[in-house]
Amino acid sequence: MLQHTISAGRSAPAEDIFPATLGRGEGDELGLLEACLGGKALRTVFQPILDLRHGRVYGYEALTRGPSGSRLESPVSLFQLARQHGRSHEMELVAVRCAVERFAALGAAEKLFVNFSPLVLAARREDPENLAALLRAHGMAPKQLVIELTENDGALLDSQTAWSELLRCRDLGFGIAIDDLGEGFSSLRLWSELRPEYVKVDKHFIQSVHGNPIKLQMVRAMQQIAQVSGASVIAEGIEQEADFQTVRDLGIRHGQGYLIGRPAPDAQCAAVEVWTRLSGGPVPAFPVPGHSVNRVSARKLMRIVAPVAPHTENDVVFGRFETDPELQMIPVVDGSKPVGIVNRHSLLDRFARPYRREIFGKRPCSMLMNTELVMVDADTSIQELSFLVADSGQRALLDGFIVVEDGEYAGIGSAQDLIREMTELQIAAARYANPLTLLPGNVPIAEHVERLLARGCRFVACYCDLNDFKPFNDVFGYQHGDEAIRLTASVLAEACDPRIDFVGHVGGDDFVLVLQSEDWEARCRGILGSFETRVSALFSEEDRLRGHFVAEDRQGQLRNFPLLTLSIGAVPAETGTFASHSEAAAAASEAKRMAKRARGNALFIERRRQPATAFKRPEEAAS
């Protein structure tokens, strides 16, 4: 029966509980197990679940830990030992009780997600009511608790008693979530029959989803099923910024992972700041020439790998490589400072030689680690990173690099991922680029605007067009015409912030700017001033003095045309202003048409929410 007398989930180190016997064998672990079942030795940490639409913490998943410094600190080992002694159900109840009490002590008002098997409830039918009473006793409502079911809980489909208890939990107000969706078939069946409020997509499908079309399609399918069934998807294992953005673009409501927040004993995290930085603020723009690799940092390539201490035995490191075939490198960290790296193939090669494992297995890994590290800050551009790796020789290609933040270990990256990212950026930039200016064309322009609209971001769509370009091209030839177009592209790109502003080339002398910079109007004015100064180089001294050139008009009559000028039509887009990129493009095109009426270099701003609009000439821009 659930009791209310356990502490709030704090745990002393194992040696403080049994200082005289710690480390002496199985009896010690049984003693620790009893302490955990009594609640004294259990710890609860909380990992945030972020609302990806509104940028707020939606809830926390409670994760149970055993005594610090013991084997039972790992929840896998803890629950495995409890299961071996027939006390797994009891351990689950104690873990949930400690989680509730600790969460209530923190005063958190968000949802609390706990791993809890309905088979435990079926064993003692009074437990659902006792759990509800425990919540109320600590000032929490039953609807604040969400029970997570795992793949193993698929067995409840064949247990009428367990199924009834689970439905009783729902009647009491508890939420239901299916955890690790995708690990097996029974979870899909459970989803279809139970209709849970939440489904948590396994991290296998989320990690690197941005670059894996199969994973992308599978996650998209899960999201579509969830929409039909009325469930909310929670994407687990978000560790890369690109995965965060992809998950959010798919319309998935919630996210969880190290990028958002790590498990911690309190309910405080930087999850909201992460949301603001990655999606609430400006959306990264399509690369412009010279900036395609500079806008991507080492943070995107970073993978979270648990480090080892310098004194960790080589046998322990070997065991990690043996357990995880995909693990290629393990960082060695002294406190929070990286001091070396152990390469999988190097260690296995050494241990393969006669008697080497017997000699070195119990010795510290610091003896065999590589201390010649490529260590970079998380914000280092991948272009700079590629130079560092190339200059560091063959060893860096094998061992990769270590990523730090404020001098402390943050993760590792591989040369293979670096090469892949560089290649993908180059391919993406070239696929739809205009061959003359190398700026992105119609497809990436539309995709970028649609992405901004989907996220509800504020931006300004600008349509830029050269005035009297056709007669200029007819008189001076296509080569001079190409020079004029390249000059325009250069002026536009130089005036924009490559991190958040987008420069596109529709074709011919038509360009598009999608600006998120707060000073977008000043940038547009700067473009007109810079263009007016630099375009004169395309004309002869005689033309410049006259202020015009002579060419045939559309009726075949000779007439005077002014020197090339630039018209910009700008349309600020607030949330809900446009339903599609086509609407934004049409509005920007109309604004450009109004700017061209003014002749000369002109900026026309369409302010839909204001009673009047006006264009500004360069002389006004200078004021």
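The values are calculated or read from the model by the stated rules, or taken from the named source; none is laboratory data. Given the structure is predicted, the values throughout are model-derived calculations rather than measurements. Don't worry about glycine lacking a Cβ; one is built from the backbone with ideal geometry, like all the others, and counts go over all protein chains shown.
Only one of the numbered conditions (1) of a type outside the set (D, E, K, R); (2) touching a strand residue (DSSP E or B) at 6+ places or on another chain (Cβ under 7 Å); (3) buried (at least 22 other Cβ atoms within 10 Å of the Cβ) is not met by residue 45, and that is (3). Taking region 56-151 as the region of interest, the helices (runs of 4 or more DSSP H) fully inside it that hold 3 or more residues being at pLDDT 80 or above are 75-84, 88-106, 127-137. Cβ-Cβ distances below 7 Å connect the following pairs, each with a first residue in region 187-204 that is within 13 Å of residue 254 (Cα to Cα), a second residue that is polar (S, T, N, Q) and in a strand (DSSP E or B), and a separation of six or more residues or different chains: 197/232; 198/232. Is it the case that region 219-231 has a residue that's within 30 Å of residue 418 (Cβ to Cβ), among the β-branched types (Val, Ile, Thr) and surrounded by fewer than 22 Cβ atoms within 10 Å (Cβ to Cβ)? No. The set of residues from region 601-623 being under 23 Å from residue 517 (Cβ atoms), of a type in the set (A, V, I, L, M, F, W, C) and at pLDDT below 90 comprises 614, 615, 621, 622. Are any of the residues in region 21-44 on the phi > 0 side of the Ramachandran plot and at pLDDT below 55? Yes: one or more hits.
When each of 579, 598, 551 is tested for being in the same structural domain as residue 475 (by TED's automatic domain parsing), under 22 Å from residue 478 (Cβ atoms) and either among the β-branched types (Val, Ile, Thr) or modelled with pLDDT under 90 (or both), the lone residue that passes is 551.
Of all residues in region 237-251, those satisfying the criterion of being crowded, with 23+ Cβ neighbours inside 10 Å and either hydrophobic (A, V, I, L, M, F, W, C) or closer than 22 Å to residue 192 by Cα (or both) are 238, 244, 247.
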